[in-house]
Amino acid sequence: MTRTLIGYARCSTDKQDLEAQKQALAALGVAEDRIYTDHGMTGTSRARPGLDQALAAVRESDTLVVSKLDRLARSVPDARAIADQFAAKGVRLALGAVVHHPPDPMGKMFFNVLATFAEFEADLIRARTREGMAIARARGKLRGKQPKLSERQQKDLRRMHGSGEYSISDLAELFSVSRPTVYRTLEPRQPTSRTLGSRPICFGRIA
């Protein structure tokens, strides 16, 4: 029976990492047209079209090759679900140069251990990210969305528009912003007011 190597590579953001994985798969004997990829997909997301195509392509006695287990799955339930598909199809899994046979008890145990460590690593990364963001907020380094134009730039934009010499497109190009931003900047400001007795006191510039 013919045995085919099917490769799978995934990266979340860095295309260079994807190319490195493809080169590693090629070095393991996987043909270029047998490599399926997902780019911009996290390992925790099961909606990965490239992986679905790879799983559909493997047949009995074939081997799915990945550089590391965390490229294939980042959670224990996901890894076990994929292993079950391998077992049902009679497909082997190669993590780098090491081949595992999911139906084999030792292979299944080792696969589950690796999946547990992959999930643990993913949890650590998420925890460190949350901790880093909390520290940054405490130090005032993480702020809300900042305005695209400073107060001075907004005043200059309104003055230039009031001169009648500049169109909306001109202003957008000069200040390196979008036309909607120009329109928002030109919107009249609503004066703040408060009531003192029965007479409102208004603060703001009189148009």
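Read-outs throughout are calculated quantities, based only on the coordinates presented, and are distinct from any laboratory measurement. None of the values given here were measured: they were computed from a predicted structure. Methodologically, a virtual Cβ is constructed for each residue, glycine included, from the backbone with ideal geometry; neighbour enumeration extends over all protein chains shown.
Near the amide H of I6, within less than 5 Å, lie the amide hydrogens of T63, L64, V65, all on another chain or at least 5 residues away, with H placed in the peptide plane. Taking 0.36 nm per residue of separation and subtracting the Cα-Cα distance, full extension of the segment from D84 to D17 would add 21.3 nm. Per-residue Karplus couplings for region 23-35, computed as 6.51 cos²θ - 1.76 cosθ + 1.60 with θ equal to phi - 60°, are listed in order as 5, 5, 5, 4, 5, 8, x, 7, 5, 4, 7, 10, 9 Hz, Gly and Pro entered as x.
The A27 and A57 beta-carbon pair, evaluated with R₀ = 22 Å, returns a calculated FRET efficiency of approximately 0.60. From least to most packed, judged by other beta carbons within 10 angstrom and beginning with the fewest, L186, L149, L51 follow the order L186, L149, L51.
Between the amide H of S12 and those of G40, distances stay under 5 Å, these residues lying 5 or more places away or on another chain, with hydrogens modeled in the peptide plane.
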